Each structure stands twice: as structure tokens, then as C-alpha cells.
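Chemist: The structure follows.
The values are calculated or read from the model by the stated rules, or taken from the named source; none is laboratory data. None of the values given here were measured: they were computed from a predicted structure. When we count neighbours, we look across all protein chains shown, and the Cβ atoms used for this are built from the backbone with ideal geometry, even at glycine.
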Amino acid sequence: MILAIDMGNSNIVVGGIDETRTYFEERITTDDRKTSLEYAIMFKNILEIHRVKRGDIEGAILSSVVPPLNAPVSSAVKKIIGKRPLLVGSGMKTGLNIKMDNPKTVGGDRIVAAVAAIAKYKSPVIVIDMGTATTLDVVDNNGCYIGGVILPGINVALNSLVSNTAQLPRINLDVPKRVIGKNTIECMRNGIMYGNAASLDGLIDRMEQELGAPATLVATGGMARFITPLCRHEIAYVPDLLLSGLLILYRQNTGEGA
């Protein structure tokens, strides 16, 4: 098994995975105030909870959109398993032809998700990742990463709405019973939930029009399981998509399966 770590702006996903299955997946809060030792303790606790021994882990790989934390988190991993993780970034073999103005600026998490999606699904593929930001990334029929869109994530939009209005309360994002809300909380919830679903449907339609063909639709991220069932398109929800992509990249860049 490898230790796969996806570090986002709000959460760090830590998982143990190999070609047979995902052994565990946990989330911890991303916090740039924490030291390498504090992260090491958290990683150690996760492994102990799941009864994973140091010898069970052959190596590690890290995808990050928080560069200041790369060094302390890498050091924390080395404290626990004795090896620094591979870092997804420029110079890593991905198997993707990235057709962007500046390929080096594409977030590692977006590349990882695209790598996982094209390994499992037929191209063209649109990959939706719903975290702090919501991203849609497109891989064309030739296996080329051709770009996508970035928009505010659900919680970012909701926090902005609440913090900038005097009378709107904080709410839970339960699944709406109907589109037309009958009270303030329902109206807010429906606006956020169905608004995001409609946004995804609209963006998918426009992307498929530019592609000139229907695309396979794959979603991941903490909020995707709530929003994708409200969409009119058929979207496969794959919670461990990023972990799968990290495993593929680990093999490609350690000579195993390259």
C-alpha cells in the first residue's frame, strides 16, 4: 500500500491505497500554523486507528495546492514512514498532454483527478471536483488536458452570503424537498443546492458543445455527493478518485507500471 495525500485549501485527505482497494481515507483540517511534528502525530494517529504498520507502507505521494505546507507535511511523512513523499508538480510524468497557456500553473489536484478519470473512463471526460472551489476539467478524445473552469465552492458561496447579509442565518445543507422554498432557510438552501446543480448542468452543456461530443461525467470532492443527484446529467460520483490518481502517478514515477 502507498500513503496518498491530497492537500487542499480546507482539508487534507489522507488515504492508504493499492491496486486492489482503498484501505482507509480520512480528512484533517489544513492549518498552516501546525508544525511538522503536529502533522506527524496526526498521520501516526490515522495509521494506528486503521491498524496500519510502518512496514505496510511502501512509499507516499503528495498533491498540494498549499505550497507553504509542502515542506512541513513532507517532513511529517518522513518522520512516520522513513521516506519523503513524491510531490506532484512540474517534471513529474503524468501521461497527460497539458494544452494550457502555462501548464506549470495547473493545480496538482486537477491533474491527479484527470489522470484517474482517463484511466477508468472513456474520453472525452469532464471531471468535477467540489471542494473549497468547484473545478471542472476537460480531457479530450486524444487524452489531452485542454482546460476547464474554476468557480466558488458551495461553502465559500454560502459563507459569503451569510457574512454579507444582516438577516440571513447559517444553515445546514440538507437535500431540498422542492425547488420553491417556503421560508428563508428553504430559500437559501434551495438556492445554494439547486443553483450549484443548475450551474454544473449549464457548464456541462456548454463544454460538450465546444467538444462537439457528449462527455463522460465524473465527480469527486466532499460536496459532490449532495449536488450531483440534483443534476439533470448522469454523473458518476467517485469519492476516492484523487487517491486512485495519486496511486497511478506514484507507479509511473517510481518505475512500477511506468
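Chemist: Residue 209 is checked against (1) crowded, with 18+ Cβ neighbours inside 10 Å; (2) over 20 Å from the mean Cα position of the chain (by Cα) and fails just one. What number does that condition carry?
Modeler: Tallying (1) crowded, with 18+ Cβ neighbours inside 10 Å; (2) over 20 Å from the mean Cα position of the chain (by Cα), residue 209 fails exactly one: (1).
Chemist: Quick one: in segment 228-247, which of the residues that are within 15 Å of the chain's Cα centre (by Cα) and hydrophobic (A, V, I, L, M, F, W, C) is farthest from residue 60 (Cα to Cα)?
Modeler: 236
Chemist: Being more than 23 Å from residue 152 (Cβ to Cβ), among the small types (Gly, Ala, Ser) and free of Cβ contacts under 8 Å to residues at least 60 places away in the same chain is the filter here, so list the residues in segment 194-217 that pass it.
Modeler: Correct list: 212 only.
Chemist: Residue under question is residue 216, and the condition is that it be polar (S, T, N, Q), at pLDDT 95 or above and farther than 17 Å from residue 195 by Cα; does it hold?
Modeler: Spelling it out, residue 216 is indeed polar (S, T, N, Q), at pLDDT 95 or above and farther than 17 Å from residue 195 by Cα.
Chemist: Also, I was wondering about something else. For segment 218-237, name all the residues that are free of Cβ contacts under 8 Å to residues at least 40 places away in the same chain and either assigned to a loop (DSSP other than H, G, I, E, B) or among the aromatic types (Phe, Trp, Tyr) (or both).
Modeler: Selection gives 231, 232, 233, 234, 237.
Chemist: What's the total number of residues in segment 1-43 that are in a strand (DSSP E or B) and touching a Phe, Trp or Tyr at 6+ places or on another chain (Cβ under 7 Å)?
Modeler: Of the residues in that region, 5 qualify.
Chemist: Just need a number here: residues in segment 145-170 that are farther than 19 Å from residue 134 by Cβ and of a type outside the set (Gly, Ala, Ser).
Modeler: 6
Chemist: What is the residue count in segment 177-191 for residues that are over 18 Å from residue 226 (Cα atoms) and outside any loop (DSSP other than H, G, I, E, B)?
Modeler: 1
Chemist: Among the listed residues 193, 223, which satisfies the condition of being within 22 Å of the chain's Cα centre (by Cα) and under 23 Å from residue 111 (Cβ atoms)?
Modeler: 223
Chemist: Could you list, in sequence order, the residues of segment 212-225 that are buried (at least 17 other Cβ atoms within 10 Å of the Cβ) and not aliphatic (A, V, I, L, M)?
Modeler: 216, 220, 221, 222, listed by residue number.
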